[in-house]
1. Counting C-alpha atoms alone, how compact is segment 126-217: give Rg to one decimal and Dmax as a whole number, in angstrom.
2. What is the packing order of peptides 97-103, 137-143, taking the mean over residues of other C-beta atoms within 10 Å and listing the highest first?
3. With a 1.4 Å probe and all protein chains left in place, how much accessible area per residue does the chain have, in Å²?
4. Chymotrypsin sites (Phe, Trp or Tyr not before Pro) within segment 1-77: which are DSSP loop residues with at most 16 other Cβ atoms inside 10 Å?
5. Looking at the chain from every direction and averaging, what is the projected area of its Cα convex hull in nm²?
6. Under the rule of at least 5 residues apart or a separate chain, name every residue whose amide H is placed under 5 Å from the amide H of Trp64.
7. How much of the accessible area of the chain, probe 1.4 Å, is carbon plus sulfur, in whole percent?
8. If packing is taken as the average count of other Cβ atoms within 10 Å, what order do 174-182, 149-157 fall into, highest mean first?
Amino acid sequence: MKLILGNKAYSTWSLRPWLILKRCGATFDEVMIRLNEADTAEQIARHAPAGKVPALEVEGVTVWDSLAIALWAEERYPDAALWPTDAHARWVARSVVCEMHSAFGTLRNDLGMGPDHPMVGEPGEAHAPSAALSAEIRRIVGMWKDAKGRFGEGGPYLFGDWSIADAFFTPVAARFRHFRIDLAAHGDDGTAADYCRTLLAQPDFLEWSAAGLAEIG
């Protein structure tokens, strides 16, 4: 099994399935393709039909897109409990994952990860959000507060125990840290800030972060 991914310092989409596979205890090889290079598209095309990372090569089949890989992992590793066991929590968890997967274009653009804005390391300069970005941050903060308040009593993560939702929001926490986003100015009562700290202290993320620092060091 091979996970095709981009640079660990920059590839937020690659981080998500990597965290999920680590959570499952899966054994897999990593094929890292450097982004923003002259031959990046050519290298990715050898593995991923969509021309993007991440992609998973397993049993002669390629599974592409981070959400598709997450759903594959749920099917292959049922004992990993990648979704909440409570039905209502599970419905909400799937909803927030799908919203994160399909929305928040301003956040991705304005708080983009690239050579000048690594996902790892020390925070950069504080970012003054536009009105559009502020609206998206408020939406994320609101989702986090709602999920934690309704379903998060059983542990430190969004739905108590770690789930696919936490994998999908870990890069968001990294963006908020790097750009020094003031979550309190966007409706946070401390819940979102605490959740960010939890995600960024998770052992698998720390492993990824150390590898990303080695790339840019």
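The values are calculated or read from the model by the stated rules, or taken from the named source; none is laboratory data. Given the structure is predicted, the values throughout are model-derived calculations rather than measurements. Glycine also receives a Cβ, built like all others from the backbone with ideal geometry; neighbour counts cover every protein chain displayed. Just so you know, the surface numbers come from the protein's heavy atoms only, side chains and all, with ligands and any DNA or RNA stripped out. Shrake-Rupley method; radii C 1.70, N 1.55, O 1.52, S 1.80 Å.
1. Gyration radius and largest Cα-Cα distance of segment 126-217: 13.6, 42 Å.
2. Numbers: 97-103: 15.4, 137-143: 20.0.
Result, highest mean Cβ count within 10 Å first: 137-143, 97-103.
3. Values: 10010 Å² over 217 residues.
On a per-residue basis, the chain sits at 46 Å².
4. Values: sites: Tyr10, Trp13, Trp18, Phe28, Trp64, Trp72; in loops: Tyr10, Phe28.
Sparse-neighbourhood loop chymotrypsin sites (Phe, Trp or Tyr not before Pro): Phe28.
5. Seen from a random direction, the Cα hull of the chain projects 11.6 nm² on average.
6. Residues meeting the criterion, in which the H sits 1.01 Å from N, are Leu56.
7. Carbon and sulfur together cover 49 percent of it.
8. The packing order, highest mean first, is 174-182, 149-157.
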